[in-house]
Each structure stands twice: as structure tokens, then as C-alpha cells.
Amino acid sequence: MNKFKIYALTLAFSGLMASCKEQLQVENPNQPSSPALKTESGLVSFGEGFYITGFRDVKYYDGVPGYFWSGAIGNHELMGDVIGTDIANVFINQIGCPDQIKLDDGSILTNPNSPSKQIDFIRITANVNSTGYQNSTYYEWAYMYNMNNAANTLLANIDGVTFTGEADTKKAVLKAWAYWWKGYAYSRIGSMYYAGIINDKANGEMLNGTNGNYVTKEAIIAEASKNFDQAITILNTLTATADYTATMQGLIPSFNRVGKGGVLSPAMWIRNINTMKARNILVNTRVASMTAAQWAEILTLTNSGIQAADLVFTGRSNATGDFLSPTTGTVSGKTTGANNTYKITERLIQDFKPDDLRFKNNFQSRPSAYIGETSRGNSFFTRWNLVNRGASGSEGSASVITYSNLNAGGYELYLASSYEENQLMKAEALIYTGKIEDGLALIDEVRKAQGAGLAAVAGTGLTLDAAKEELRRERRIGLLFRALSFYDARRWGLLETGRTNAVALSRTGVVSTKATITYGYLDYWDVPDNEIAYNPPASGSAPIKNPK
């Protein structure tokens, strides 16, 4: 657990946050011996509070990018080139600023900090302990280790509490809950940082509640799998009894139990885990380096992954913003409209086919191109807005997926994996193992489910390269705002090779359709200096700095 954040953490939510008994209640994970953790109801409330401790409460907060789902995840979508920004808070404009863009006329839009590039900027300016809250690389690390510490605290207290009713079932649900979120946290750490720390101790159980034994990102992903497997082992012993359901209802806020969210049965939960395990293989392996064994494992996991009718882990806003603000709690919300923090990039719009109803249902052209503060970047210039489909008179088609709805509870945020992601991972494995038509059929399935209205691509005789292009497009569109765009850009090699034949605007709004973008982003971030300053690596630790 990261020592820096343990010492600094102050939770703002210490009781019921509204009159409804099912609103989020949070106990401070710095207090593992709190009397509230010695009762059944207290443990369940503490587990429900993971939605706050893991996604909302860390020492630092900047009001512009926002909490985890709009700020930390915003970094992913910026580097994935689906959004851009000229907002300088927490250096987010620099996080998503390519090294250069070569336009059709041969002119070059350089990084405003040139000759310094994103990698240099992060290491020289951003990822320095003295920058405090301005260090963009700090947030995902801090949130996820906060989640891990909360899960450790829950596990440390379960067996010491007397439960009513089906006591073994209730304890098992709470333990599965803790292992699920530990697996989730380690997945995000290992998929974003070059090294991490494995810690199974609740704060206070060991000296300073942490250790300086940094391990490789591969070891962190292995630890994620270990925790996921522990959850599966428990879930295999459970059935959806009344006490199982009641405990899950206590853990998942009522406003997150709508739409695709709800009380997952043990079997559904296991399938969610299998899809997450497949993701961890896929997003952390360069496509060019994938082995036959890895493709086979992805097929095995996705064949046992999320099904169309399964419930998944989702997030919703409510009027009081207890977990998510309706307008600013997500990347989608922060992108909607003409004057928001993030802007839709031309490259995202370029990936839609002209007759895709998902484009028509969610985007509109601006009266004039957005150029903004040109000294703060080179890729955020755009002619497009994301439409709020929650606005009266702008509801759009109910049969087509909605990317933005600013009404309370209107937007469904996928916290982890989804059916569409499962099917597209399966499609990719099939395409890359010679079953092109089978893979294309799954792409068609996802498009149909989202109301895209596109003609089928299966059965049209596409070549391998053409099938790969269909997949690339669909992952960017069908999984938009699900925190996968950067992972894909990394594993496809775009961070090094760049993107050609790209649509881009000049600083005067002139459109190029054959631009070349050189991204040059750091593929895995160094361990945040905020951590290293207070918790230096112990002897024998893995390298904490990416050699790139």
C-alpha cells in the first residue's frame, strides 16, 4: 500500500450521505479497528464504501479534470486520441499532446514544449513529488492502492464478526467482494505502471502499512489473477440465496443497480472475472508479440466470459452526486457540449463509417472549428461536439447507444468489463488465429446490439488486413469511454509508429485528411515520485522507471 497516501488520506464521507439507507456509507480505512467494522452491518457498509475509497477519495483533487472516472481515466482517453484538451490543470494538456503532427501541406504542428516531449515533460515537470496535486501520474496509483487497502481492511475483519442468518454465505460474499476489487486494483496498476507493490496487509497491521518491495508490472498482473482466482474459488461455493442477494444489495448502491448493473449471480460474477482476466492478457501484450497460447487462453476465457443477458459492474450518477456527478463525473460528461474540459478528436470521428447510426445519434458539427489555446497543444482542434442526449428535445433514437446523458442516472458507466468487450476480444482472437469470418460475425453482433445500423461485414470476403481494420474501428467506437483506447494504442504500436492518413486541423482550422501523427507517449508510467519520496525501493526491488 502506498505510504504517502495512507498518511495523507482524509475521508469526507463518514456516514450516510442521504436519507436513503442505501446511499454510500464509508468507514475510514485508516481505522481498521473501528467499532463499526466489528458488526455485520458495519462491514457491509464499509464494503459499499469501496465506491468512494477506490474512486473518489485521495489526498489531492483538482476540480477541473475531476475524480477517478473523469480525471485519471481522462488521461487514458487523451492518450488514446479519442478526446483532446487545452486545459492545463494537472498538466492534462501535456499528457495528451503528441510529439508532432505533419499536415497535408508538409507543415508541422510541434508539441508546444518542443524540443521537450511528453516523456520528458512527465519526468522533468509532472512526476515530481514537489508538484503535489499537479502530478497526473499520481492519481490512478493513489486511487487503486486506496482500493487495495480498503479490501485488505475488510478481509482482516470478516472472520472476527458474528453474522446472522446464513453466516457463511454472508462472509463468503464479503470476501469475494474484497478479492474482486483487489484483482481489479492490481489490474489497473499493472496495466499502467512499470512497477508496483504487492501488499495484503491492512494499514496498521505492519510497520507503516506498506513495504518498499517493488515488483514488475508482470508480477502485479499475476497478483491480479491470483486475487481474481480467489474470488472465483469462493463464488463457486455460492448460490443466489436470499442472504446472498441481500448482502450484494448492501454492497452495491441502489443507483448502480439499474440497467446492466445489479445484483450479479455467482455465475455472472465469475464470467465478469473471466472477461477481466482476458483483458489483462490482451492489453498488456503487444499484438505483434501475442503467442498462439495467449490467443488460445483469451478464447478460453471469453468463451466463459460475460454473456449478453449478464449483469455487470456499472456506475450511475444521482442528483446529489454521491458517487458520480451527472455532468462532471465521467469522461463522457466532461466532453459533452461546446465548452467543456475535453473535446472530441477528429481521429475518433474519422473512425466512424458514414452511415453508422451511432455517429448520427451522438455527434454534431460545431458552427466553427474549435481551435482554443493553441500554445497548449496540437491535437485538440476539432469540428465536432458530443451531444447530451438527456436534454429535452435531444433524446435521439432509443434503439441506438447513447454516449452522453447529463441527467441524474442517465449515463451508464462500465466500471469493469462488458459483453461488448468480451465479444470483441473473442473476435480478435478468432481473426488472428485464422477464423476471420467467425470474428467478423462477432463484430457484426456488437454493432447490431448497439443499433449501429451497419451492413454486415461477415461473409463479404474481407482479407485479414481488412478484418483487422474493422476490429480496430469497432474497439474505438463500440467501447468508447470505457478506458481501453490507450491500452489499444499501446499494444497496436501506435505510440511508437504513430498514425498515418489521419484527419487533423491546422491552427487556422484548415483540414488535412492525410496527416501523420507522431505520438511518442510513454507506454507504462514510472512509479509516481509522490510514492518514491516517502517509500523508496528496498534492496532487490524491480526497476521503478521505464527504460524508455
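List of remarks:
- Whole-Å semi-axes of the ellipsoid equivalent to the stretch 340-479 (Cα gyration tensor, √5λ, descending): 29, 19, 14
- Efficiency of FRET between residue 309 and residue 129 - r from beta-carbon atoms, R0 41 angstrom, step 0.05: 0.30
- Averaging the sequence gap over all C-alpha pairs within less than 8 Å and six or more residues apart, then dividing by the number of residues, gives the chain a relative contact order of 21 percent.
- With a Förster radius of 22 Å applied to the C-beta separation of residue 455 and residue 513, the computed FRET efficiency comes to 0.40.
- The charge dipole of the chain, taken about its Cα centre with unit charges on the Cβ atoms of Lys, Arg (+1), Asp and Glu (-1) only, comes to about 520 debye.
- Label-zone membership for the stretch 506-542, site residue 374, 7 angstrom Cα→C-beta point, backbone N under 15 Å: 506-512
- Note on residue 293/residue 548: beta-carbon distance plugged into 1/(1 + (r/R0)^6) with R0 of 45 Å gives a FRET efficiency of 0.95.
- The label-point distance for residue 120 and residue 168, in a model that sets each label 7 Å from Cα toward Cβ, rounds to 6.4 nm.
- Charge dipole (debye, nearest 20) of the stretch 452-548; +1 at Cβ of Lys and Arg, -1 at Cβ of Asp and Glu: 300 debye
- Fewest-first ranking of 46, 121, 55, using other Cβ atoms within 10 Å as the exposure measure: 121, 55, 46
- Dimensions of the chain from C-alpha coordinates, computed as largest minus smallest value along each principal axis and given longest first, are 72, 52, 51 Å.
- For the pair residue 338 and residue 213, the difference between a 0.36 nm per residue extended length and the Cα-Cα distance amounts to 40.4 nm.
- Normalised contact order of the stretch 416-548, rounded percent, pairs of Cα under 8 Å and 6 or more residues apart: 15 percent
- Neighbourhood charge, 14 Å Cβ-Cβ cut-off, centred on residue 279 and excluding it, Lys, Arg +1 and Asp, Glu -1: +3
- Simple spin-label estimate for residue 349 and residue 237 in nanometres, 7 Å along Cα-Cβ: 5.6 nm
- By the beta-carbon count within 10 Å of each Cβ, the least crowded to most crowded order of 382, 169, fewest first, is 169, 382.
- Cβ crowding within 10 Å averaged over residues, with 457-466, 306-315 ranked highest first: 306-315, 457-466
- Per-residue Cβ neighbour rank within 10 angstrom, fewest leading, 295, 181: 295, 181
- Packing-based ranking, highest mean first, of 444-450, 254-260, 529-535 given that Cβ atoms within 10 Å are counted: 529-535, 444-450, 254-260
- Shape call, the stretch 328-393: gyration tensor on alpha carbons, a/c limit 1.5: oblate
- Solvent-free Debye scattering, log10 I(q)/I(0), computed from the Cα coordinates of the stretch 138-241 at q = 0.14, 0.18, 0.20 Å⁻¹: -0.56, -0.85, -1.00
- Other residues within the sphere of radius under 11 Å centred on the Cβ of residue 362, judged by their own Cβ, net out at +2 (K and R +1, D and E -1).
- Relative protection proxy for 186-193, 159-166, from highest mean packing down: 186-193, 159-166 (other beta-carbon atoms within 10 angstrom).
- Gap separating the Cα centres of the stretch 152-166 and the stretch 454-469, nearest whole Å: 52 Å
- Proximal charge balance of residue 86 [Cβ under 10 Å; K/R count +1, D/E count -1]: +1
- Relative contact order %, the stretch 288-342, counting alpha carbon pairs below 8 Å whose residues are six or more apart: 13 percent
- Applied to the stretch 399-406, the Karplus parametrisation 6.51 cos²θ - 1.76 cosθ + 1.60 on θ = phi - 60° returns per-residue 3J(HN,Hα) values of 8, 10, 4, 10, 8, 8, 8, 8 Hz, with x for Gly and Pro.
Just so you know, all these numbers are worked out from the coordinates, no wet-lab data involved. Remember, predicted model here, so these are calculated numbers, not experimental data. Because the Cβ atoms are built from the backbone with ideal geometry, glycine has one as well, and the counts that use them run over all protein chains shown.
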